[in-house]
Amino acid sequence: MRFEGTEGYVATEDLKVAVNAAIKLERPLLVKGEPGTGKTMLAIEAAKALGAPLIEWHIKSTTKATQGLYEYDAVMRLRDSQLGDARAADISNYIKRGKLWDAFESPTRPLLLIDEIDKADIEFPNDLLQELDRMEFYVYELNKTIKAAQRPIIMITSNNEKELPDAFLRRCFFHYISFPEEETMRAIIEAHFPGVKTRLVNEALTVFYNIRKAPGLKKKPSTSELLDWLKLLMTDDIDPETLRADPNKLIPPLHGALLKNEADVQLFERLAFLARRELPR
Amino acid sequence: MFQRFFTELRAARVPVSLKEYLMLIEALEKDAIPSNVTDFYYLSRAALVKDERHLDKFDRVFGHVFKGIENTGEAIEADIPEEWLKALTERFLSEEEKAKIEALGGWEKLMETLKERLEEQKARHEGGNKWIGTGGTSPFGHSGYNPEGIRIGGKGRHGRAVKVWDKREYKNLDDSVELGVRNIKVALRRLRKFARAGAPDELDLDGTIAKSAREGYLDIVLRPERRNAVKVLLLLDVGGSMDSHIELCQELFSAARTEFKHLEFFYFHNCLYESVWKDNRRRSNERTMTWDIMHKYPGDYRVVFVGDATMSPYEITHAGGSVDHWNEEAGALWLQRMTHVYERMVWLNPTSEAHWEGTPSIGVIQKIIGPQRMFPLTIAGLDGAMRELSR
């Protein structure tokens, strides 16, 4: 099993090394990076490329670690027993499997994505240490141990909202997706919009990197925003000429796809205004 | 070789443990990686570094430890665009010099020779310098034809010639450097103390079950919502020497504002005296007496001073030392009173820690509030400050 990137996903060399090492050593891969640099996409595309079934576990602030293993629905059982349902006699009818259980018992080696692990409670990663390390857990209600037939490939994404505990980090490989350079960005655009007009891309990239360079932006636009913007530009059939720094135009057309904050729009308008004054008339 | 790498990483304060080291060895044993230095760099980075803040330190140590064994098998490609050179020639060379080029055999010949030279150079020092021929006699280099010095480099040889770890792309992820609103928020979160206070309007399920079981009928129990109960008093130095740190302070302020429900802020100039103010535009007529603050906000408030503490020491130690007005009592006295009322207090200083020694007034303030209470305004410093406050 080797991951080499896919048609729709441009993987840099270092990312490939990290993914392949994680696959080979059967350890979780922790992926961090600016929002919109394709952390979740990586897992989806990797699963596609490796032909592994993808099991997604999206974490919310209320998610508990045990929910990933199993849940015992005591209320349902109580109700059934009062109604005289025969099912109530067997406790296993009320055990709901979690995503980890699914991953452990998958017939082919699956790829488990634990998305945005930092959203959960601070103790969440610690509660999963043993399970991720030994790839097994114990179900008290059934009195049996669930053990992974083959260790699933595990990818974990984080947005840095909370620090992850050291003990957890020590068990993972780590990769930080840095913001793509222009060359990589072109490859990414080509992968998403094959045959896009080069002139449009050139102009759009210039505008895009200029916006990113603007000091003090609250939310810098990232890859996914650039792709959205390009899509809009293409569907509206905007002439590349209009993107060129036009002294009479303050901000790029359809900027709503790039700047997500009214303070940022204002800031950028101000910067553009200053730039316009500096231009020779 | 790897052990030295490991110890040097630890010495550079990259938190690597034996477990990670063994993981790297295991990866190498399983031959997860071809024998290529760049790939080894990527692999060791993925295995040893677990936080982007440490990437820059890691890059530096890697470059240092593995110096000299790079470039086993990676060819250096120097593609200097011909048009670029030509354009330069058009711009800088005089007619006479152009004639000389012609004498050498014209452009094509020149480019050919250049390629040869490049080959030679590659053989001589493997991946060494960034510039091609900075010497004197060569026609390619900064003192060749042109009196103003045409340099070959930069534009032509980017990318592969510079080793990846030497690029130090992760420089600004180092935690002693960058500070943004988001990072500050993460640091401020340390200061969370949740407590349930106020009107009971949330269903307490466990309580309800317990109570119902005890009473024998359904008895619903409500409880107040969980809230961050930490109270913070933020005192900010404005004007004068603080102007250069204004952006940093704004970020800190906006982060603190959303993070704490009970946040009070006041401004002062250079040192705390008998009054402070809330609105900078009306600082001359709307002032709050410092005594009132100490009476109004009880001792369970946590006090955060933000200021560069850079001034003349007299402004702290002597009555009448203030640069703005005549103060009856010395700033030092006011600071002391604050330390008596508020047990938990820190001073965040935006000037870099390296300059603290050389500024006497910083030493004076440290002495008054206690030396362990002043922290630099970096993520690491903020972290330490919050730890101090939540003790």
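Selection of the stretch A:161-177 for residues being modelled with pLDDT under 85 and open to solvent by 40 Å² or more (accessible area, probe 1.4 Å) yields A:GLU161, A:LYS162, A:GLU163, A:ASP166. Within the stretch B:46-63, the set of residues being at pLDDT 80 or above and more than 7 Å from every other protein chain (Cβ to nearest Cβ) comprises B:LEU48, B:ASP51, B:HIS54, B:ASP56, B:LYS57, B:PHE58, B:ASP59, B:ARG60, B:VAL61, B:PHE62, B:GLY63.
Quick grid of which residues meet (1) in a helix (DSSP H, G or I); (2) in contact with a Phe, Trp or Tyr (Cβ under 8 Å, 6 or more places away or on another chain); (3) at pLDDT 75 or above:
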| position | (1), (2), (3) |
| --- | --- |
| B:GLY198 | no, no, no |
| B:ALA213 | yes, no, yes |
| B:LEU234 | no, yes, yes |
| B:PHE265 | no, yes, yes |
| B:TYR273 | no, yes, yes |
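Scanning the stretch A:189-198 for residues that are away from every other protein chain (no Cβ under 11 Å), free of Cβ contacts under 8 Å to residues at least 24 places away in the same chain and hydroxyl-bearing (Ser, Thr, Tyr) turns up at least one hit. All of B:GLU96, B:GLU77, B:GLU90, B:GLU70 fail the test of being at pLDDT below 85, open to solvent by 60 Å² or more (accessible area, probe 1.4 Å) and not in a helix (DSSP H, G or I), apart from B:GLU77.
Is the stretch B:26-41 home to any residue that is at the interface with another protein chain (Cβ under 10 Å from one of its Cβ atoms), free of Cβ contacts under 8 Å to residues at least 40 places away in the same chain and among the aromatic types (Phe, Trp, Tyr)? Checked against the condition, which is being at the interface with another protein chain (Cβ under 10 Å from one of its Cβ atoms), free of Cβ contacts under 8 Å to residues at least 40 places away in the same chain and among the aromatic types (Phe, Trp, Tyr), the stretch B:26-41 yields at least one hit. The strands (runs of 3 or more DSSP E) found wholly in the stretch B:277-391 and carrying at least 2 residues that are open to solvent by less than 60 Å² (accessible area, probe 1.4 Å) and at pLDDT 85 or above occupy B:302-306, B:345-349, B:374-376. From the list A:LEU25, A:LEU69, the one residue that fits, being over 21 Å from the mean Cα position of the chain (by Cα), modelled with pLDDT of 90 or more and open to solvent by less than 60 Å² (accessible area, probe 1.4 Å), is A:LEU69. Exactly one residue out of A:PHE179, A:PHE168 is touching a residue at least 12 places away in the same chain (Cβ under 8 Å) and not in a loop (DSSP other than H, G, I, E, B): that is A:PHE168. Does A:THR145 satisfy being more than 30 Å from B:ASP383 (Cα to Cα) and out of contact with any Gly (no Cβ under 6 Å at 6 or more places or on another chain)? In short, yes. Looking only at residues in the stretch A:242-281 that are at pLDDT below 70 and among the small types (Gly, Ala, Ser), which one is nearest to A:ALA204 (Cα to Cα)? The residue in question is A:ALA245.
Considered as a group, the residues in the stretch A:5-17 that are within 19 Å of B:ARG45 (Cβ to Cβ), touching a helix residue (DSSP H, G or I) at 6+ places or on another chain (Cβ under 7 Å) and assigned to a loop (DSSP other than H, G, I, E, B) include one that is farthest from the other protein chains (Cβ to nearest Cβ), and that residue is A:GLY5.
The values are calculated or read from the model by the stated rules, or taken from the named source; none is laboratory data. This is a predicted model, so every value here is computed, not measured. Cβ atoms come from the backbone with ideal geometry, glycine included; neighbour counts cover every protein chain shown. Please note that ligands, DNA and RNA were not included when accessible areas were found on the heavy atoms of the full protein model with its side chains. Shrake-Rupley method; radii C 1.70, N 1.55, O 1.52, S 1.80 Å.
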